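Comments concern the structure below.
The values are calculated or read from the model by the stated rules, or taken from the named source; none is laboratory data. Quick caveat, the model's predicted, so the values are computed rather than measured. Counting neighbours? That spans all protein chains shown, and the Cβs are built from the backbone with ideal geometry, glycine included.
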Amino acid sequence: MPSGLSQQLRSVRFFPGGELYAVTGIEGRCGLRCVSVEAEEELNASGKPKNTFTFKCHRVGSSGDKIYAVHGCDTHPTRADVFATCGADGMFSLWEKEKRIRLREFSLCVAHASPLCPGGHDSQSPCRSHGAVHEPITQVAWDATGRLLALVEGYDWAYGQRDGGAAPRVVICPTSADVLDKQ
């Protein structure tokens, strides 16, 4: 079954119902694909495939010239239209598949009281609010209720072996309805 992506794949996750899945890769893209051929060929009102598409994500710069691997994805267990991606840029994003938009983007932060950093930067650049560099986020998963989102932050070996750096950690973030809605 084709993935819709051309380079190394990093993760795959089914949406609730099992007819649609998301796949991520090292090329800074995420793809949504259907299991059945009939559903893949279904078109939306503008004549484009309704359920099958790929999009760019986890990129930095005005033209998206810095491309980061998309390490993981997970689908919301109770809202079939919402899913999350995480990447080597140290960010995680919440997406709405029907509207094909990013709802929110966050990075993790050890320097703030909240685990979500308002600094808005990639994993290779210092945070504008405190100067720390964030590690890549290598995995994301919702709990069964969809109220908690677990993230794994740690070095992803993209630049080979290194000395030092922050220890890997798991961060649990609450997700409420207002976080899952476009602001």
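Within the stretch 156-169, residues that are at positive phi and at pLDDT below 80 sit with their Cβ atoms under 6 Å from residues that are in a loop (DSSP other than H, G, I, E, B) and not charged (D, E, K, R), at 6+ positions apart or across chains, in these pairs: GLY165/TYR155.
Counting only strands (runs of 3 or more DSSP E) that sit completely within the stretch 24-114, those holding 1 or more residues that are at pLDDT 75 or above and charged (D, E, K, R) correspond to 29-34, 53-56, 70-75, 91-96, 101-108. Scanning the stretch 71-94 for residues that are without any contact (Cβ under 8 Å) to a residue 40 or more places away in the chain and over 15 Å from VAL60 (Cβ atoms) turns up just one, ASP81. Taking the stated definitions as given, is VAL140 modelled with pLDDT of 65 or more, within 15 Å of the chain's Cα centre (by Cα) and not in a loop (DSSP other than H, G, I, E, B)? Yes: the conditions hold for VAL140. A count restricted to the stretch 55-95 and to residues that are under 13 Å from the mean Cα position of the chain (by Cα) and either of a type in the set (S, T, N, Q) or buried (at least 17 other Cβ atoms within 10 Å of the Cβ) (or both) stands at 26. In the stretch 3-20 there is no residue that is without any contact (Cβ under 8 Å) to a residue 40 or more places away in the chain, in a strand (DSSP E or B) and among the basic types (Lys, Arg).
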